[in-house]
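Read the figures in this text as sums done on the coordinates, not as results from a lab. Every value quoted in this text rests on a predicted model; they were computed, and no experiment measured them. Note that we place each Cβ from the backbone using ideal geometry, even for glycine, and neighbour counts take in every protein chain shown.
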Amino acid sequence: MKCKMQSLALALVAGGLLSAAAHANNIEATMKSKSCFACHSMDKKLVGPSYKDIAAKYKADKGAVSKLAVKIQKGGSGVWGAVPMPPNAVSEAEAKQMAEWVLKVK
């Protein structure tokens, strides 16, 4: 019985990890469909900063998800230079998911 319980627990954990990976892939696909990657890349500056640089800058900021979600939706300027980021037509939930994804980039 103990072995079956351990197997079930392992299967649930593995399923959760696969689900998290699928969710991350869905967010990345959404970001590509919204043209985020036209101005940002994973590890180098294009028009805007890299996702890696954004994650590093906001690493210790407990309010980073909310701040970035607002910037994703409404746009912004001045934090990374003179080129403004335009607003993006995404829902509040999508913006939050995108911000969470960006902050996990290493």
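Can you compute the modelled spin-label distance between Glu28 and Met42, with each label point 7 Å from Cα toward Cβ, in nm?
My value for the distance between the label points is 0.6 nm.
Once label points are set 7 Å from the Cα along Cα→Cβ at both Lys67 and Val105, what is their separation, rounded to one decimal in nm?
1.7
Ranked from highest to lowest mean number of other Cβ atoms within 10 Å per residue, what is the order of the peptides 74-87, 26-39, 91-104?
91-104, 26-39, 74-87
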